[in-house]
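Some notes on the structure that comes next.
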Amino acid sequence: MAVTSQLPALSRTIFHVDMDAFFVSVEELYDPSLKGKAVVVGGQRHERGVLSAASYEARKFGVHSALPLRTAAKLCPQAIFVEGHPQRYREYSEKVYKVLTAFSPQVEMASIDEAYLDMTGTARLHGPPLRAAHKLHRRMKEETQLNCSIGIGSSRLIAKVSSAQSKPNGVLWIVPGEESKFLAPLDVRAIPGVGKVMESHLRSLGIKKVGDLARLEEFELEERFGKWGLALAGKARGEDAGGWFDAEVGADTAARSISHEHTYNEDTADTNQLEATLMRLSEMVGRRLREAKLYARTIQLKLRYKDFTTITRAHTLPAPTQLDGEIFEQVRALFRKNWKQRREVRLLGVQASSFEAQPEQISLLESGPQQRWKNVLAAADRLRDKFGESSVSFASGLRGTFRERTHENPTGLPGKNKEKWSRFNYHTASPTGLRPVGHSRAAVPTFGKTKAGHPGR
Ligand code: DCP
Ligand code: MG
């Protein structure tokens, strides 16, 4: 009889490193008098728009990212409001990235201030997980003067949830085998990807804690929420289920698609607002194509309704493009054809794929206006570099605001495809409309916080 030895699968060791109150902490380095105070970054107290970051002191009053500035002022009148300095955050983000890559070669940034590190098999170099994390924690402080929190787990999901639990300035290791026990008492909101709406759906089913979720049969969640529900069941067990949690850390080195998504704070069926969003997303995608010197042949629309039903529709162009207007035209056509009018929309996404480095030879007749557009867009890109993502928009005449969360696909993040940092500040906080150039307050972007694993909240 053959003897088969069944070795237990080697557990992975993933770190999730997330900087504490990132924008605020960077501001404090430039102005130490802010330390320990209630601070809001992102604009002045009376302005429209939402805030980017709040200090822990301000959070005690219920102030948090993406809250309207005016609401923050009401909740916490004593707060100090700071405009924000995107360039500084980018620089510090780069410093963070350097510390991480010097520590481990397997680094994948998931947003401006967070990263996953695959630390599996590094015990000889760095010691056991906790010791390694403390070493990294100390190094981060020494080299950036900033505090971070580190979660350690056998999956990215566990690492991410545990870093959040260890905040501020902490390290938390969930020992393999203890995942479900760790997750069970947490609110379902602790699971990346579960937002307010999902929370209330789950509440109506009597599910409040992750433990309640884990007790459900997988098929029940699938029946109710489709693929997304299935992923949720996996996440409740601490697995990297669904979305980008599936991939290996740092595995996806070449971007196969570039996309931006936008989730509304309140679902909407307002055509103007929806098309304005599509315009803005098209601009963001176009810009990244130009930065990456790529031309896309396929343009895809993603549309998620209030009840989470999601459709994607793609169109292949006769000639590849990197122009905002062309992307928008396609995506709007797809939208008009596929959107069931008056059905409220929760999320919109625009994706470009089927990349080519060079477009096919364009005819001389076309090259005039195309070239002019390219020049205009190149100029716009330069302005955005200087004044922020929302400083220029061609969505002229379209009404719609971009106050809510906008995020991009993870392939565009550094460490994932080694692209430049400036790729990921795509969280805008101002109304669209062709607004040039001066450095108005509204031109300061709030930064994109890409929540790993979020299929859009
Ligand atoms: N950010 C933003 N808009 C959001 C969320 C975040 O511009 N809706 C920016 C500001 C944050 C930074 O991204 O400083 C990092 O986001 P985090 O969620 O990690 O929040 P903080 O780092 O500020 O705090 P924490 O200590 O909870 O991580
Ligand atoms: Mg943070």
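The values are calculated or read from the model by the stated rules, or taken from the named source; none is laboratory data. Since the model is a prediction, treat every value here as computed from it, not as a measurement. Reconstructed Cβ throughout: ideal geometry from the backbone, glycine too, with neighbour counts over all protein chains shown.
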Quiz item: Taking the range 95-133, which residues are among the aliphatic types (A, V, I, L, M), outside any loop (DSSP other than H, G, I, E, B) and buried (at least 19 other Cβ atoms within 10 Å of the Cβ)?
Solution: V96, V99, L100, V107, M109, A110, A115, L117, A132, A133
Practice problem: May I ask you to say which residue of V249, V161, V194 is β-branched (V, I, T), at pLDDT 85 or above and assigned to a loop (DSSP other than H, G, I, E, B)? | Solution: V194
Exercise. Sort through G206, G211, G238 and tell me the only one that's buried (at least 22 other Cβ atoms within 10 Å of the Cβ), modelled with pLDDT of 90 or more and farther than 21 Å from I311 by Cβ.
Key: G238
Quiz item: When residues of the range 10-23 are filtered for being more than 6 Å from ligand 1 (Cβ to nearest atom) and among the aliphatic types (A, V, I, L, M), how many remain?
Solution: 3
Quiz item: If you check L146 against the conditions, is it within 16 Å of ligand 2 (Cβ to nearest atom), free of Cβ contacts under 8 Å to residues at least 60 places away in the same chain and aliphatic (A, V, I, L, M)?
Solution: no
Quiz item: Before we move on, is V50 β-branched (V, I, T), within 16 Å of ligand 1 (Cβ to nearest atom) and in contact with a Gly (Cβ under 8 Å, 6 or more places away or on another chain)?
Solution: yes
Quiz item: Do any residues in the range 11-26 that are within 22 Å of T120 (Cα to Cα) have Cβ atoms under 8 Å from those of residues that are near ligand 2 (Cβ under 9 Å from one of its atoms) and of a type in the set (K, R), where the two are at least six apart or on different chains, and which pairs are they?
Solution: D18/K167
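Can you confirm whether the range 55-67 contains a residue that is in the same structural domain as N147 (by TED's automatic domain parsing), over 30 Å from G177 (Cα atoms), in contact (Cβ under 8 Å) with a residue 40 or more places away in the chain and outside any loop (DSSP other than H, G, I, E, B)?
Scanning the range 55-67 turns up at least one residue that is in the same structural domain as N147 (by TED's automatic domain parsing), over 30 Å from G177 (Cα atoms), in contact (Cβ under 8 Å) with a residue 40 or more places away in the chain and outside any loop (DSSP other than H, G, I, E, B).
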Quiz prompt | Flag if L34 is closer than 19 Å to Y92 by Cβ, surrounded by fewer than 22 Cβ atoms within 10 Å (Cβ to Cβ), within 16 Å of ligand 2 (Cβ to nearest atom) and at pLDDT 95 or above | solution = no
Quiz prompt | Among the residues listed as S180, S162, the single one being within 16 Å of ligand 2 (Cβ to nearest atom) and either among the polar types (S, T, N, Q) or surrounded by fewer than 19 Cβ atoms within 10 Å (Cβ to Cβ) (or both) | solution = S162
Self-check item: Sole exception among (1) within 15 Å of ligand 2 (Cβ to nearest atom); (2) not in a loop (DSSP other than H, G, I, E, B) for A72, by number
Solution: (1)
Quiz item: Condition test on K135, is it closer than 23 Å to V24 by Cβ, among the basic types (K, R), away from ligand 1 (no atom under 12 Å from the Cβ) and in contact with a helix residue (DSSP H, G or I) (Cβ under 8 Å, 6 or more places away or on another chain)?
Solution: no
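Against the definition (crowded, with 24+ Cβ neighbours inside 10 Å and of a type in the set (A, V, I, L, M, F, W, C)), how does A58 come out, yes or no?
For A58, the condition - crowded, with 24+ Cβ neighbours inside 10 Å and of a type in the set (A, V, I, L, M, F, W, C) - is met.
One line per residue, one yes/no per condition, for (1) farther than 25 Å from R139 by Cα; (2) within 19 Å of the chain's Cα centre (by Cα):
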{"position": "L34", "(1), (2)": "no, no"}
{"position": "V39", "(1), (2)": "yes, no"}
{"position": "G42", "(1), (2)": "yes, yes"}
{"position": "F61", "(1), (2)": "yes, no"}
{"position": "H64", "(1), (2)": "yes, yes"}
{"position": "Q106", "(1), (2)": "no, no"}
Quiz item: For the range 69-89, what are the residues that are crowded, with 18+ Cβ neighbours inside 10 Å, within 15 Å of ligand 1 (Cβ to nearest atom) and not aromatic (F, W, Y)?
Solution: L69, A72, A79, V82, G84, P86
Quiz prompt | Residues located in the range 348-363, provided they are surrounded by fewer than 22 Cβ atoms within 10 Å (Cβ to Cβ) and either modelled with pLDDT of 80 or more or touching a Pro at 6+ places or on another chain (Cβ under 9 Å) (or both) | solution = S353, S354, F355, E356, Q358, P359, E360
Exercise. Consider L221 carefully, then state whether it is in contact with a helix residue (DSSP H, G or I) (Cβ under 8 Å, 6 or more places away or on another chain), at pLDDT 80 or above and surrounded by 20 or more Cβ atoms within 10 Å (Cβ to Cβ).
Key: yes
Quiz item: How many residues does the range 170-191 hold that are small (G, A, S) and part of a helix (DSSP H, G or I)?
Solution: 2
